[in-house]
Structure formats: C-alpha cells, structure tokens
Amino acid sequence: IVIDIEHRADDYDSCNTLVLPIKKRKTKNTDKKVTIQLLPKKRKQLEKIIEQKKKKLQRATLLEDLVKLQASSDELQQYISLTSLQNKGLKRHFRELEMPVLKLKCKKNEIEESDTIETTFCANSIKGSKKKRLAVLDHAKQDKTMFDPNMVGFESSDSGDENDCNNENENENETHVSDNIAISTVNEKNNENLIEDVQKRTVPAKSQESKKSIGKQTAVSKVRTSTVFVSVNRKPEIQAIRLKLPIVAEEQVIVETINENPIIIITGETGSGKTTQVPQFLYEAGYAQNKLIGITEPRRVAAMSMSKRVAEEMNLTEKQISYLIRFEGNVTEETKIKYMTDGVLLKEIQSVTNSSISLVAVHNDLVDLIWQVGRPEYNPHAAYPLADQYSGKPWQEKIRSIRLEMELSSADALVVTALDEIAWLFNIRGYDLPYTPVLRAYAIVTHGSLHLYAPRHKILRSVDIHLKIDSCFHADCVKWHNYTAIWYDLKTMSQAWNTVWLPSPYGYTLGASKEIYNSIPPEKRLAKPSPVIDLRAEKNKVEMAGMRRSHLRDAVAMCDFLAYMEEQYELDSEGWDEMQVARVANEFRYEQNNNRGIAFPTIAGYGSHAALPHYEPINLTNIKIGTTSTLVIDSGGQYLDGTTDVTRTLHFGVPTDEQKKAYTRVLIGSIELSSLIFPNDLTVNQLDVIARRPLWSTGYNYMHGTGHGIGHFSSVHECS
C-alpha cells in the first residue's frame with residue numbers, strides 16, 4: 001500500500017505526520033529459568049545417578065595415575081612369585097634360570113609353529129602329567145604322608161605363574177609338566193602305581209578342550225557311594241494301586257535329586273502321593289538304616305492317619321512306621337519313619353542338647369526368595385462392603401464388642417492378622433484368596449483408633465464411605481495405611497502401649513506370625529486366641545436365616561445335578577469321569593441366586609479315591625465313574641448370605657455287602673449325633689465319640705474329623 005504523505009498537507013500540521021520506524025525497537029530478552037519440582041524419591045534417584053557418574057570419572061582418573069606409577073615390564077620380569085616357587089619346587093626353578101633364552105623363545109613363538117622350537121622344546125614329555133601330579137598329591141594326602149606344611153598344594157596353583165610353554169601346549173589340547181615330580185615321603189613304587197591308576201582315568205583330549213573354553217579347572221574327584229536298596233514286601237493289590245499315583249513314575253528323579261542336594265522342594269497336585277510315597281522312596285534308598293525319616297503334618301489327625309496308611313502300604317508294623325503328636329504317640333526304638341506335627345518337631349529340635357542343629361531367625365520370606373519364576377501376580381480386584389442386610393450387624397458394633405474383650409484382658413491394642421477375621425470384623429469381602437472372599441490386609445484395634453493396612457488400589461470409594469476413612473479423627477472410623485507400613489508402625493506405636501494382644505494358634509487359626517511377635521517387646525506381649533473367633537462363631541439371627549436360605553439354594557443345585565447325572569447314566573452317556581462330575585456340579589451351583597463361586601475345590605472321588613481326605617481330581621489321577629464302587633462328592637458354594645459344605649455318597653450299580661455295612665454304620669452315627677441332646681459345656685471331642693461308636697463296634701474307623709464350623713460368606717472351615 002502506497003501512502004501519500006503530501007496529500008492534503010495544508011489541512012494538517014507537522015505533528016500529525018505518520019512516521020514509520022526503519023528498525024525494530026530493541027527489547028531485552030530475559031531468559032526465564034523453569035524450575036521443575038521433583039518428588040523426594042525422584043530427586044534421590046537422580047542424585048544417586050550423578051554420584052555414580054562422579055565415581056566413574058574418579059575411577060578413570062585413578063587408573064590413569066596408577067598406570068604412570070606402574071613398574072616397567074623389564075623390572076617386573078625380575079620379580080619371583082613365591083607361589084610359583086612353591087608349586088614348581090627349587091629344583092625346577094633353578095633349572096629354568098639356567099636357560100632363560102629358551103624360555104623367551106617359547107613366549108615369542110606362542111602362535112607361530114617353528115621347527116627350531118619343536119626340536120629344542122624339552123620342558124614336558126608326558127601328556128596330561130599335570131593331572132597325574134594332582135592325583136599323586138591327593139593320594140599322598142589321603143595316606144597321611146609327611147610333607148612340608150609351608151608348601152601350597154597343587155590344587156591352588158596360580159595359572160598366571162605357570163610355565164609359559166605350558167600355555168602354548170594347552171592350546172593344542174596337551175598338558176606338559178616337568179618329568180621330575182618330587183614328593184619326598186612317597187616311595188617310587190607307590191608313585192608308579194598311582195600314576196598308572198591315574199593314566200587309566202585320564203580325560204580324553206576332546207573333553208579337555210571343552211573345559212579349557214571355560215577356563216582352567218583343577219581335577220576334583222567326586223565322592224562315589226555305593227547304591228543302597230532296601231526291599232519292601234508290599235501286597236500285590238497295594239502295589240497295583242500305588243503304581244497309579246503320578247509321583248511313583250518320578251521316583252528315580254526324586255531320589256537322585258535328594259542325593260545331590262541338601263534341600264529340595266517337591267510340588268504336586270493334591271492326591272499325587274507326596275506325603276505317602278516320598279518317605280517310602282527314602283526308606284528304599286537306605287536313608288532309614290542309620291537315621292530317622294521325619295514327616296510333619298499340619299494336623300494331629302493327619303499325622304495319625306498317614307502313619308497308619310504308610311505302614312499298611314509298606315506291610316510294616318506300627319513300631320517301624322509311627323506317629324508322635326502332643327500327649328500321644330507310638331514311637332519306639334525300631335521306628336524308621338515318624339509322622340509328627342510341626343510343633344513336635346520344633347520341640348524336639350529345641351530339646352536336643354549338644355547338637356549342631358539350631359534354629360536361626362530368618363527375617364526374609366524364603367518363599368519370596370525362591371519363587372522368582374512363574375509366580376502369579378496378586379489378584380487385582382478390589383474389595384467391596386457387605387451390606388448389613390447380610391451381615392446382620394454393623395461393623396461399629398463388632399468393634400465395640402472387641403474393645404470390651406480387650407478391656408477385660410487389660411490390652412491396649414489388638415493385632416488382627418487372619419484374613420477371614422478382618423473380613424468379618426469390618427464387613428468387607430474381597431478376592432485375594434481362591435474360594436475364600438477375603439482382603440489381603442492387617443488390622444490394629446485400640447481403644448481410641450482403628451488401623452487398616454491394605455494395598456490402596458484394593459480400597460474403592462465404596463469401601464472408603466463404608467469404613468469412614470475420609471477425615472478420620474475419632475474412635476469409630478478407620479485409618480488406612482499402606483500394606484507394608486505395619487512393620488514400622490508396630491515398633492513405633494507399641495512404645496505407647498503397655499499390653500499388646502497377639503493372636504495365638506487356636507483351632508483352624510494359626511495365630512500371628514513370628515515377625516509380628518518380634519515387632520513387639522516381649523514384656524508387652526499378650527498371647528491369647530483372637531477374640532474374633534468366639535464372637536464370629538456365635539451367629540446372629542440374620543446370619544442364621546441367611547445360612548438356611550443359602551443351603552436351600554445349594555440343595556436345589558445338588559438335586560438338579562444328581563437328577564441330571566442319573567439321567568445321563570440311564571442314557572448310557574459316555575465321558576463321565578471324576579473331573580466331569582466336579583465340573584458339572586460347579587456349573588449347577590453357579591446358576592443359583594446370590595452365588596459368588598464355590599467354597600473349595602470340588603472333591604469327586606470314585607473307588608479308592610473316595611477314601612482319600614481332600615482328594616482333588618486332576619488329569620493324572622482322573623478315572624472313569626463305574627458301577628462297581630461308590631462315588632463321594634464333597635462340594636460347597638459361596639453365597640452373599642452364607643457358605644455351604646455338602647457331602648454325598650452315590651452308587652450307580654449294586655453295592656456289595658461290605659459297602660452296605662460301612663454305609664449303614666456311618667448313617668447310624670450321623671443320626672445319633674444329630675438327634676443327641678447335650679449340655680452346652682460338652683466339648684467337640686466328647687461329641688465325636690457318639691458318631692464313631694457304631695463304627696467302633698464293628699472294627700471300623702475313619703481317620704478324619706467328624707465335623708467343623710462353617711463361616712458366613714467366609715472360610716468354609718471355622719471354629720464352632
């Protein structure tokens with residue numbers, strides 16, 4: 001655009017003249033420094049990286065300074081290594097000093113092949129003589145011959161001080177040493193016999209080449225022990241059943257692994273035969289000839305039943321296969337295999353005097369250290385609140401009952417570690433254990449505060465509102481903490497407490513861990529069973545009504561399943577095996593209202609499998625359902641208003657007289673126990689006799705508990 005400045009100039013004075021600057025006005029550009037606010041954790045990481053870089057620079061500078069101060073190669077050649085002198089001996093050392101020129105030729109012509117060197121080389125003439133020297137020295141030590149204590153053994157020789165001519169011939173898969181091997185106290189005849197013995201066992205050159213690719217290795221003779229086998233006279237029918245177990249096929253691998261390692265871990269599915277067969281493997285391998293094979297069981301009944309079962313399988317008496325539990329046992333001097341509880345083993349270790357065995361506290365979880373590969377991640381699903389219409393009582397009332405028990409015991413704080421107790425106490429459920437709706441957490445209850453330790457992503461907004469976590473400043477709200485913060489809080493908060501209630505083992509509850517106990521000073525510990533156990537065992541009216549409704553729905557599922565299975569058998573349907581039975585039973589249970597899964601893995605055992613407690617069918621043990629034996633189905637479900645556990649015995653053919661007799665005796669015991677009227681102070685052991693009396697009268701018995709309590713939408717095993 002052209003601007004005409006002179007146009008109509010008479011109408012304007014000079015002050016209105018449009019002036020356009022030729023250059024742009026200079027402005028000062030100030031560089032604004034942007035400061036980034038770093039988190040303390042990130043700042044420490046960056047400071048650590050900077051510090052490592054500084055150390056690398058300092059290390060490089062130090063190495064450069066050391067190189068400047070290093071002695072020259074000519075000066076280093078004048079030094080004599082004491083280790084080399086001791087290994088080679090004085091005679092060989094002085095002989096090498098007399099021919100330094102020949103030694104230099106060997107160094108310079110290390111790669112090139114020269115006829116001159118081959119004609120003049122005379123250091124070693126025996127192939128593999130170094131290994132023979134090692135063997136000679138080893139035998140000399142074993143024979144306790146006299147030698148100089150200041151001489152270092154050949155097994156610790158330094159490869160850097162060896163004859164350089166040896167290095168050349170080692171690349172050609174040959175080992176040369178001096179012809180003269182001086183051992184003053186071993187006569188020449190014994191040496192010749194030892195060398196001949198070693199020559200027979202000399203490793204071929206090809207194997208030596210593979211070893212040298214890794215590095216120089218000294219010859220170490222392995223200790224070989226003769227194979228021991230103790231014969232066991234088993235009954236043919238027992239042996240036939242035993243061979244069907246998956247673990248029997250791995251007997252050789254297991255025994256060899258045990259022989260070569262001090263500690264091994266054997267994992268397998270339930271019913272694969274670990275508890276009953278591994279002790280038999282060790283017995284047959286000779287481990288019980290001079291020692292005792294010990295097996296621990298979590299429960300007393302299991303220790304008794306397993307010892308009796310193994311004695312029957314091995315066709316041995318109870319004097320040889322015994323058990324030891326608290327206040328009871330049948331161990332004798334002839335005992336070779338002993339089943340016991342964990343507590344008995346710990347007491348025996350502590351009672352042994354002048355023994356090399358001692359218990360050492362380990363603060364790290366050994367399972368976490370070992371289980372690094374193939375370990376599944378924690379369940380990511382969050383917890384959720386259980387409505388009062390199912391629990392029957394707000395969690396605040398439960399807390400008041402707990403604080404009353406604490407006051408009666410003069411306890412300032414209670415540490416709750418059992419997951420099902422935390423779920424019941426706060427009316428919350430989760431997905432952190434298979435078949436049990438619990439949350440992975442810890443809890444601390446005091447008279448003025450409540451503390452919940454759980455992963456934050458597990459606590460949703462609904463749980464925050466349910467537990468009143470927001471702005472918690474009073475006694476009836478819950479303060480959330482990180483899951484691992486309990487170890488620090490216990491040590492700090494316990495300083496203000498006089499007595500801390502720590503749960504001890506009781507019934508199905510194992511009590512607080514050793515680490516929890518160690519976090520509290522001994523003078524402040526109060527070891528008692530958790531008060532939650534008794535309060536939870538007494539169900540309120542809403543819980544009882546809910547458990548009745550859940551059992552009715554569960555009974556409908558079982559009736560539909562049994563009718564369907566009977567119909568399929570009438571149609572001669574194929575494919576019915578133990579795993580199919582468990583799968584179909586679970587499907588009918590999933591269809592019921594308020595169902596939240598199964599209470600435990602469904603047990604479907606046919607024939608001999610029906611006699612195994614807690615048997616679970618897998619691909620290796622799965623068998624077809626026939627018409628000649630009984631089928632036992634033990635299953636249960638989880639519902640919002642209750643938990644169920646139902647066992648049924650079926651027979652799809654014509655039962656034998658013995659099967660009818662055993663079933664009838666069990667039925668009589670169940671009827672007598674269910675119709676018994678007894679005082680409320682009677683113990684479970686006293687009631688157990690009523691159920692077993694009809695069996696005992698005919699010589700029968702079962703190595704299992706008679707019954708157990710059931711949780712309310714919780715663990716299937718609960719103290720009653």
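Checking the structure you have, find out if any residue of the stretch 401-410 is more than 16 Å from Lys528 (Cα to Cα) and either surrounded by fewer than 21 Cβ atoms within 10 Å (Cβ to Cβ) or out of contact with any Phe, Trp or Tyr (no Cβ under 8 Å at 6 or more places or on another chain) (or both). Checked against the condition, which is being more than 16 Å from Lys528 (Cα to Cα) and either surrounded by fewer than 21 Cβ atoms within 10 Å (Cβ to Cβ) or out of contact with any Phe, Trp or Tyr (no Cβ under 8 Å at 6 or more places or on another chain) (or both), the stretch 401-410 yields at least one hit.
Kindly indicate whether any position in the stretch 452-459 is on the phi > 0 side of the Ramachandran plot, modelled with pLDDT of 95 or more, within 35 Å of the chain's Cα centre (by Cα) and not hydroxyl-bearing (Ser, Thr, Tyr). The answer is no, given that none of the residues of the stretch 452-459 is on the phi > 0 side of the Ramachandran plot, modelled with pLDDT of 95 or more, within 35 Å of the chain's Cα centre (by Cα) and not hydroxyl-bearing (Ser, Thr, Tyr).
This table checks each residue for (1) assigned by TED's automatic domain parsing to the domain that holds Phe600; (2) among the polar types (S, T, N, Q); (3) assigned to a helix (DSSP H, G or I).
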| residue | (1), (2), (3) |
| --- | --- |
| Ile422 | no, no, yes |
| Ser462 | no, yes, yes |
| Asp470 | no, no, no |
| Ser494 | no, yes, yes |
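Mind checking whether some residue in the stretch 236-259 is polar (S, T, N, Q), out of contact with any strand residue (DSSP E or B) (no Cβ under 6 Å at 6 or more places or on another chain) and buried (at least 18 other Cβ atoms within 10 Å of the Cβ)? The answer is no, given that none of the residues of the stretch 236-259 is polar (S, T, N, Q), out of contact with any strand residue (DSSP E or B) (no Cβ under 6 Å at 6 or more places or on another chain) and buried (at least 18 other Cβ atoms within 10 Å of the Cβ).
Residue-wise test of (1) at positive phi; (2) aromatic (Phe, Trp, Tyr); (3) buried (at least 18 other Cβ atoms within 10 Å of the Cβ).
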site: Val478; (1), (2), (3): no, no, yes
site: Trp487; (1), (2), (3): no, yes, no
site: Lys491; (1), (2), (3): no, no, no
site: Trp501; (1), (2), (3): no, yes, yes
site: Pro505; (1), (2), (3): no, no, no
site: Ala512; (1), (2), (3): no, no, yes
site: Pro522; (1), (2), (3): no, no, no
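Each residue in the stretch 301-316 was checked for being touching a helix residue (DSSP H, G or I) at 6+ places or on another chain (Cβ under 7 Å) and of a type outside the set (Asp, Glu), and 4 of them qualify. The single condition from (1) outside any helix (DSSP H, G or I); (2) of a type in the set (Gly, Ala, Ser); (3) farther than 14 Å from Glu313 by Cα that Ala249 fails is (1). In the set (1) in a loop (DSSP other than H, G, I, E, B); (2) surrounded by fewer than 16 Cβ atoms within 10 Å (Cβ to Cβ); (3) not small (Gly, Ala, Ser), Tyr287 fails one condition alone, (2). Among the residues examined, Leu414 qualifies as in the same structural domain as Asn498 (by TED's automatic domain parsing), closer than 25 Å to Leu510 by Cα, crowded, with 18+ Cβ neighbours inside 10 Å and modelled with pLDDT of 95 or more. Within the bounds of the stretch 479-486, is there any residue that is in the same structural domain as Thr417 (by TED's automatic domain parsing), hydroxyl-bearing (Ser, Thr, Tyr) and under 27 Å from the mean Cα position of the chain (by Cα)? Checked the stretch 479-486: at least one residue is in the same structural domain as Thr417 (by TED's automatic domain parsing), hydroxyl-bearing (Ser, Thr, Tyr) and under 27 Å from the mean Cα position of the chain (by Cα).
Based on this model, can you work out whether Lys347 counts as surrounded by 15 or more Cβ atoms within 10 Å (Cβ to Cβ) and of a type outside the set (Ser, Thr, Tyr)? No; evaluated as a whole, the condition is false for this residue. Against the numbered list (1) in a strand (DSSP E or B); (2) more than 26 Å from Gly507 (Cα to Cα); (3) not hydroxyl-bearing (Ser, Thr, Tyr), Ala443 comes up short only at (2).
The number of residues in the stretch 546-572 being farther than 19 Å from Gly605 by Cα and modelled with pLDDT under 85 comes to 3. Just wondering, is there one or more residues in the stretch 514-522 that are touching a strand residue (DSSP E or B) at 6+ places or on another chain (Cβ under 9 Å), of a type in the set (Lys, Arg), in a helix (DSSP H, G or I) and in contact (Cβ under 8 Å) with a residue 12 or more places away in the chain? No.
Do we have Gly271 as in a loop (DSSP other than H, G, I, E, B), touching a residue at least 60 places away in the same chain (Cβ under 8 Å), surrounded by 13 or more Cβ atoms within 10 Å (Cβ to Cβ) and under 30 Å from the mean Cα position of the chain (by Cα) here? For Gly271, the condition - in a loop (DSSP other than H, G, I, E, B), touching a residue at least 60 places away in the same chain (Cβ under 8 Å), surrounded by 13 or more Cβ atoms within 10 Å (Cβ to Cβ) and under 30 Å from the mean Cα position of the chain (by Cα) - is met. The set of residues in the stretch 612-642 that are among the polar types (S, T, N, Q), surrounded by 21 or more Cβ atoms within 10 Å (Cβ to Cβ) and over 30 Å from Glu538 (Cβ atoms) contains only Thr621. Apart from one condition, Glu543 fits all of (1) without any contact (Cβ under 8 Å) to a residue 12 or more places away in the chain; (2) of a type in the set (Asp, Glu); (3) assigned to a helix (DSSP H, G or I); the exception is (1). Which is assigned by TED's automatic domain parsing to the domain that holds Arg242, of a type in the set (A, V, I, L, M), under 27 Å from the mean Cα position of the chain (by Cα) and at pLDDT below 85, of Val310, Val360, Val301, Val344? Criteria check complete, one pass: Val301. Please determine, by comparing only the residues of the stretch 313-341 that are at pLDDT below 85 and part of a loop (DSSP other than H, G, I, E, B), which one is surrounded by the most Cβ atoms within 10 Å (Cβ to Cβ). For the stretch 313-341, the residue satisfying everything is Arg326. Restricting the stretch 679-700 to residues that are surrounded by 10 or more Cβ atoms within 10 Å (Cβ to Cβ) and of a type in the set (Gly, Ala, Ser) leaves a set whose member that is farthest from the chain's Cα centre (by Cα) is Ser697.
Considered as a group, the residues in the stretch 546-590 that are among the hydroxyl-bearing types (Ser, Thr, Tyr) and part of a helix (DSSP H, G or I) include one that is farthest from the chain's Cα centre (by Cα), and that residue is Tyr569. Among residues that are in the same structural domain as Ala527 (by TED's automatic domain parsing), among the hydroxyl-bearing types (Ser, Thr, Tyr), closer than 28 Å to Phe473 by Cα and under 31 Å from the mean Cα position of the chain (by Cα), Tyr442 is included. Do you know which residues across the stretch 379-397 are outside any loop (DSSP other than H, G, I, E, B) and over 13 Å from Asp641 (Cα atoms)? Within the stretch 379-397, Tyr384, Pro385, Trp395, Gln396, Glu397 meet the criteria.
May I ask you to verify whether Lys398 is in contact with a strand residue (DSSP E or B) (Cβ under 7 Å, 6 or more places away or on another chain), of a type in the set (D, E, K, R), surrounded by fewer than 21 Cβ atoms within 10 Å (Cβ to Cβ) and not assigned by TED's automatic domain parsing to the domain that holds Gly597? Answer is no for this residue.
The values are calculated or read from the model by the stated rules, or taken from the named source; none is laboratory data. On a predicted model such as this, the values are computed, not experimentally measured, just so you know. Glycine gets a Cβ as well: all are built from the backbone with ideal geometry, and neighbour counts include every protein chain shown.
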